[in-house]
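Following: one structure in structure tokens, then a few remarks.
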């Protein structure tokens with residue numbers, strides 16, 4: 001068992017969720033929230049990436065397992081570490097803000113200009129699929145290119161920031177089931193009812209990225 005990797009995933013996910021959610025709860029500016037998530041992710045990748053690969057996201061871990069860059073045994077243990085990190089982050093956040101009313105849980109924030117509730121939910125699902133596809137695709141490609149290793153954390157962090165700008169006013173920007181599960185469970189209500197979107201969407205996006213990314217490998221050109 002690679003305990004160092006699992007502990008790294010716990011610490012990285014804890015830091016990502018705590019810093020990002022605190023910014024989301026206390027600061028209403030989307031640009032600040034995006035930077036908070038992106039900068040802490042970049043810091044964690046550079047400090048812990050050599051230990052675990054710096055996933056901090058079940059969707060990323062899923063993409064790595066599907067492309068055979070992580071064993072399925074490690075996949076399960078990585079997910080457990082990430083979920084525990086997220087849980088501890090939310091448990092820290094609650095006393096900081098003194099309320100369960102707003103934990104920046106993911107939920108559909110727009111009607112997309114349509115009248116059918118089911119279509120609204122499906123469009124929100126599509127947003128999460130597309131955003132996570134882009135995110136995991138970038139990670140799979142950047143970490144594959146040896147010439148980009150020195151700047152991979154910067155690229156990945158800025159990609160997350162850009163995707164939060166894209167999805168923030170639509171779905172409150174998940175792209176990461178570990179970021180979504182416990183805020184929804186604690187906050188309840190609409191966020192809990194729509195949680196499935198923020199689990200299924202990112203995992204579909206990661207699957208699609210794992211199919212597309214190997215196509216661009218140099219040995220396939």
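A few notes on this one:
- Within the stretch 167-185, the residues that satisfy the criterion of being surrounded by fewer than 21 Cβ atoms within 10 Å (Cβ to Cβ) and in contact with a helix residue (DSSP H, G or I) (Cβ under 6 Å, 6 or more places away or on another chain) are 168, 170.
- Here residue 194 does not fit the description of being closer than 27 Å to residue 215 by Cβ and either out of contact with any strand residue (DSSP E or B) (no Cβ under 8 Å at 6 or more places or on another chain) or surrounded by fewer than 20 Cβ atoms within 10 Å (Cβ to Cβ) (or both).
- Within the stretch 94-105, residues that are at positive phi reach partners that are surrounded by 12 or more Cβ atoms within 10 Å (Cβ to Cβ) and part of a loop (DSSP other than H, G, I, E, B) with beta carbons closer than 8 Å, at six or more positions or on different chains, in the pairs 104/172.
- Lone qualifier among 167, 132, 143 - being more than 15 Å from the chain's Cα centre (by Cα) and in contact (Cβ under 8 Å) with a residue 12 or more places away in the chain: 143
- Tabulated pairs, the stretch 179-202, first at positive phi and assigned to a helix (DSSP H, G or I), second surrounded by 24 or more Cβ atoms within 10 Å (Cβ to Cβ) and modelled with pLDDT of 95 or more, C-beta under 8 angstrom, 6+ apart or interchain: none
- Once the stretch 46-78 is narrowed to residues that are touching a residue at least 60 places away in the same chain (Cβ under 8 Å) and within 13 Å of the chain's Cα centre (by Cα), the residue that is farthest from residue 171 (Cα to Cα) is 54.
- None of 89, 105 is in contact with a helix residue (DSSP H, G or I) (Cβ under 6 Å, 6 or more places away or on another chain), surrounded by 13 or more Cβ atoms within 10 Å (Cβ to Cβ), within 15 Å of residue 183 (Cβ to Cβ) and at pLDDT below 95 except 105.
- Selection status of residue 156, under 20 Å from residue 23 (Cβ atoms), at pLDDT 95 or above and in a loop (DSSP other than H, G, I, E, B): no
- Tabulated pairs, the stretch 1-17, first touching a residue at least 12 places away in the same chain (Cβ under 8 Å), second crowded, with 19+ Cβ neighbours inside 10 Å and not in a helix (DSSP H, G or I), C-beta under 7 angstrom, 6+ apart or interchain: 9/55; 9/56; 12/54; 12/56; 13/56; 16/56
The values are calculated or read from the model by the stated rules, or taken from the named source; none is laboratory data. Here the structure is a predicted model, which means the values were calculated and not measured. Cβ sites come from the backbone with ideal geometry, for glycine too, and all protein chains shown count toward neighbours.
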